[in-house]
Amino acid sequence: MKELTLFYLETCPHCKRARAYMQELRDENAEYAAIPIKMVEEKQERQLADSYDYFYVPCYYIGERKVAEGRIDKEGVRTVFDEALKA
């Protein structure tokens, strides 16, 4: 299992929904709760955010590999979590 990195903006409605889905899934599944997640608010950590290749938030990376970018639903977050578990 590798660390999952989420790039987000505090004011982004899609990011707020994605984070809520993440919490729901982590509450429902202990395996998901064990996934290490690095949360990067791109306005607060601009230099780090600029070192990654993405345009839209929320954006998920597993290691250096982008696994999802832009609006995401609960099933999309589940897929990201499943990929993190396999990595």
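The values are calculated or read from the model by the stated rules, or taken from the named source; none is laboratory data. On a predicted model such as this, the values are computed, not experimentally measured, just so you know. Counting neighbours? That spans all protein chains shown, and the Cβs are built from the backbone with ideal geometry, glycine included. With ligands, DNA and RNA removed, areas are computed over all heavy atoms of the protein, side chains included. Shrake-Rupley method; radii C 1.70, N 1.55, O 1.52, S 1.80 Å.
The numbered conditions (1) under 11 Å from the mean Cα position of the chain (by Cα); (2) of a type in the set (A, V, I, L, M, F, W, C); (3) loosely packed, with under 13 Cβ neighbours inside 10 Å are all true for VAL57 except (3). When residues in region 1-23 are screened for being open to solvent by 80 Å² or more (accessible area, probe 1.4 Å) and closer than 19 Å to ARG78 by Cβ, 6 of them pass. Inside region 73-87, can you point out the residues that are at pLDDT 95 or above and in a loop (DSSP other than H, G, I, E, B)? Within region 73-87, just ASP73 meets the criteria. Residues considered: ASP73, ASP27, ASP82. Of these, the only one that is touching a residue at least 24 places away in the same chain (Cβ under 8 Å) and open to solvent by 20 Å² or more (accessible area, probe 1.4 Å) is ASP73.
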